[in-house]
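Chemist: Please read through the structure below; I'll follow up with questions.
The values are calculated or read from the model by the stated rules, or taken from the named source; none is laboratory data. Every value quoted in this text rests on a predicted model; they were computed, and no experiment measured them. Here the Cβ is made from the backbone with ideal geometry for all residues, glycine too, and neighbour counts use every protein chain on show.
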Amino acid sequence: MKKLKFLHSLKFRLFLLVALVGIIPNVVLRAGILATYEKRAISNRSIDVLGQAKMLGNQVVTYNYMKDTSVEMINAQLEQLSNIYDGRVLIINSSFQIVKDTYGLDTGKIIISEEVVKSFQGEEITKYDSQNRYIELAIPLKNTDTKENQGVMLISVSTDSIMLNYDFLKDNALIVELANAIIILVVSLFWSNRLVRPFGKLTKFLEEMQTEEEKKLMISDYTETEAISNAFNEIQGRMRVIDDSRQEFVSNVSHELKTPITSMKVLADSLLNQEDVPVELYKEFMGDIAEEIERENKIINDLLSLVKMDKAAGNLNVSVVNINELLEMIMKRLRPIAEKQNIELVLESFRPVSAEIDEVKLSLALTNLVENAIKYNKPEGWVHVSLNADHKYFFVRIEDSGIGIPEESLEHIYERFFRVDKSHSKEIGGTGLGLAITRNAVLMHRGAIKAHSKEGEGTIFTVRIPLTYIA
Ligand code: ADP
């Protein structure tokens, strides 16, 4: 099987194509020309002989040669005819008796063949026997005055001289054809090699890429290879971005996970290094350590949610959910936090909405948004959540009277671990993963999320989710 692999190569197929396109017409042409030559030569010879024979036939009748075969002039002409065309002439009388045979073999014999009989009935017969290489002609010998058939002239002429020419032509054509085939094979070998060269370059480049990654692919020999190069470079670029962001993520994760641990170590060490530490200080430090553990826990939980959301959209556990009830539930859960900061929390539903969603994932996403609206608010502020729908989508709008997001940060808020104000966010327990989780959950639902904000005035998040889930 391996040996036959070359049959599938483009090079071999191109070679075959060029070779066949070059050689087949040659073969057909040679066969065609030879066949035409043979046909035309035979037909010309037949016409020549027939013309001569007819003339002679008239004289045979005129001189009444059938009765008297000693007419010198006719005999001489018969002899000449058979000599010129390397043939044999038989004159047969009305009793089917051969009165003259230029070979002198069958004179006096009776001959009843199909041609002779037919010719007696007035038919002129020309027959070519290609196997035995002769033309046979049968001509009725008619008296021009009485129209009476007096006999038949039977002529067979050899086509050896024609076939000699034919064979010569055939041999020459074969030599030309072979020479042609050799040239075509060489040319097709050269071209098939040359035409597939860009693909060799492509393979070489890709092999080299395993060692030096930074190279850009550009093989512009063909429009097709140029398109492949462009597509490849684009994929490579995208992969590089993904790789960079993955590395950044890993380093961010390690950093974020290390921070609480460092704090805990500092707290524990300072307790251990002191003698006679008062119980109050122990309690205070242990309280701080518990807080750090809580933070570490939160980061790990958020990371786990994010990893879950990062998986394929096929992991959605879709069911028909009443969105009004879902939002009411979220509000109810968050109300205590809002009340702690004296923030007014209002839900406005414009219509009843049911949609095909993953309840757990979307509820997490919306909770994050409402929670952020409370967390990044001002004292005595408000959060308005509204629900609306059209025939295709439902829309949740979360508006707050909070601190807002600076314009330059707006495009980064969905990045993992991004926080506008690191210390403030940390103070209120932010991990910088909430919006990344939210955005992934929305995208998994084939939805969209948008943020509008003015620093110091407040922020509006709008989420749009299709009512029916499209897998
Ligand atoms: P965090 O866990 O820090 O809240 P998020 O991913 O939820 O992380 O949000 C990223 C950052 O976006 C936050 O740190 C905050 O600075 C900003 N942000 C998010 N929502 C709001 C909002 N409603 N008002 C102001 N800033 C916000």
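Chemist: Here is a check on your reading of the model: is VAL383 in a strand (DSSP E or B), surrounded by 16 or more Cβ atoms within 10 Å (Cβ to Cβ) and more than 8 Å from the ligand (Cβ to nearest atom)?
Modeler: Details: in a strand (DSSP E or B): yes; surrounded by 16 or more Cβ atoms within 10 Å (Cβ to Cβ): yes; more than 8 Å from the ligand (Cβ to nearest atom): yes.
In short, yes.
Chemist: If you check HIS424 against the conditions, is it at pLDDT 90 or above and within 13 Å of the ligand (Cβ to nearest atom)? Reasoning before the result, please.
Modeler: Details: at pLDDT 90 or above: no; within 13 Å of the ligand (Cβ to nearest atom): yes.
Spelling it out, it is not the case that HIS424 is at pLDDT 90 or above and within 13 Å of the ligand (Cβ to nearest atom).
Chemist: Can I ask one more? Take MET153 and decide whether it is over 41 Å from the mean Cα position of the chain (by Cα), more than 30 Å from GLU415 (Cα to Cα), in a helix (DSSP H, G or I) and touching a residue at least 12 places away in the same chain (Cβ under 8 Å).
Modeler: no
Chemist: State whether the residues of region 63-86 include one that is closer than 27 Å to ASN165 by Cα and either of a type in the set (Lys, Arg) or under 35 Å from the mean Cα position of the chain (by Cα) (or both).
Modeler: No, every residue in region 63-86 fails to be closer than 27 Å to ASN165 by Cα and either of a type in the set (Lys, Arg) or under 35 Å from the mean Cα position of the chain (by Cα) (or both).
Chemist: What are the residues in region 217-226 that are assigned to a loop (DSSP other than H, G, I, E, B) and surrounded by 12 or more Cβ atoms within 10 Å (Cβ to Cβ), if any? Break it down into steps so the answer makes sense when it comes.
Modeler: At the first step, the residues of region 217-226 found to be assigned to a loop (DSSP other than H, G, I, E, B) are 217-222.
Within region 217-226, LEU217, MET218, ILE219, ASP221, TYR222 meet the criteria.
Chemist: Taking the conditions exactly as written (away from the ligand (no atom under 16 Å from the Cβ), more than 28 Å from ASN315 (Cβ to Cβ), touching a strand residue (DSSP E or B) at 6+ places or on another chain (Cβ under 8 Å) and acidic (Asp, Glu)), does GLU344 satisfy them or not?
Modeler: Details: away from the ligand (no atom under 16 Å from the Cβ): no; more than 28 Å from ASN315 (Cβ to Cβ): yes; touching a strand residue (DSSP E or B) at 6+ places or on another chain (Cβ under 8 Å): yes; acidic (Asp, Glu): yes.
Criteria not met by GLU344.
Chemist: Search region 403-414 for residues that are aromatic (Phe, Trp, Tyr) and pair each with any residue that is assigned to a helix (DSSP H, G or I) and near the ligand (Cβ under 7 Å from one of its atoms) when their beta-carbon atoms are under 6 Å apart and the residues are at least 6 apart or on different chains.
Modeler: What qualifies is TYR414/LEU435; TYR414/ALA436.
Chemist: I need the full set of residues from region 109-137 which are over 60 Å from the mean Cα position of the chain (by Cα), free of Cβ contacts under 8 Å to residues at least 40 places away in the same chain and closer than 17 Å to SER158 by Cβ, in order please.
Modeler: Within region 109-137, GLU136 is the sole residue that qualifies.
Chemist: Further question on the same structure: Give the number of residues within region 427-442 that are more than 9 Å from the ligand (Cβ to nearest atom) and over 40 Å from the mean Cα position of the chain (by Cα).
Modeler: 1
Chemist: Name every residue in region 166-216 that is loosely packed, with under 13 Cβ neighbours inside 10 Å and of a type in the set (S, T, N, Q), in order of residue number.
Modeler: Within region 166-216, ASN172, THR203, GLN210, THR211 meet the criteria.
Chemist: Being more than 18 Å from ASN368 (Cβ to Cβ) and within 15 Å of the ligand (Cβ to nearest atom) is the filter here; which residues of region 386-410 pass it?
Modeler: Once the filter is applied, which keeps residues that are more than 18 Å from ASN368 (Cβ to Cβ) and within 15 Å of the ligand (Cβ to nearest atom), region 386-410 yields SER401, PRO406, GLU407, GLU408.
Chemist: Tell me which residues, restricted to region 319-351, are in contact (Cβ under 8 Å) with a residue 12 or more places away in the chain and over 56 Å from the mean Cα position of the chain (by Cα). It would help to see each step written out before you state the result.
Modeler: Residues of region 319-351 in contact (Cβ under 8 Å) with a residue 12 or more places away in the chain: 319-324, 326-331, 333-334, 337-338, 341-351.
Those that are in contact (Cβ under 8 Å) with a residue 12 or more places away in the chain and over 56 Å from the mean Cα position of the chain (by Cα): ILE337, ALA338, GLN341, ASN342, ILE343, GLU344, LEU345, VAL346.
Chemist: Evaluate the following for ILE465: is it away from the ligand (no atom under 12 Å from the Cβ), buried (at least 22 other Cβ atoms within 10 Å of the Cβ) and more than 27 Å from VAL250 (Cβ to Cβ)? Can you show your working first?
Modeler: Details: away from the ligand (no atom under 12 Å from the Cβ): yes; buried (at least 22 other Cβ atoms within 10 Å of the Cβ): yes; more than 27 Å from VAL250 (Cβ to Cβ): yes.
So ILE465 fits the description; yes.
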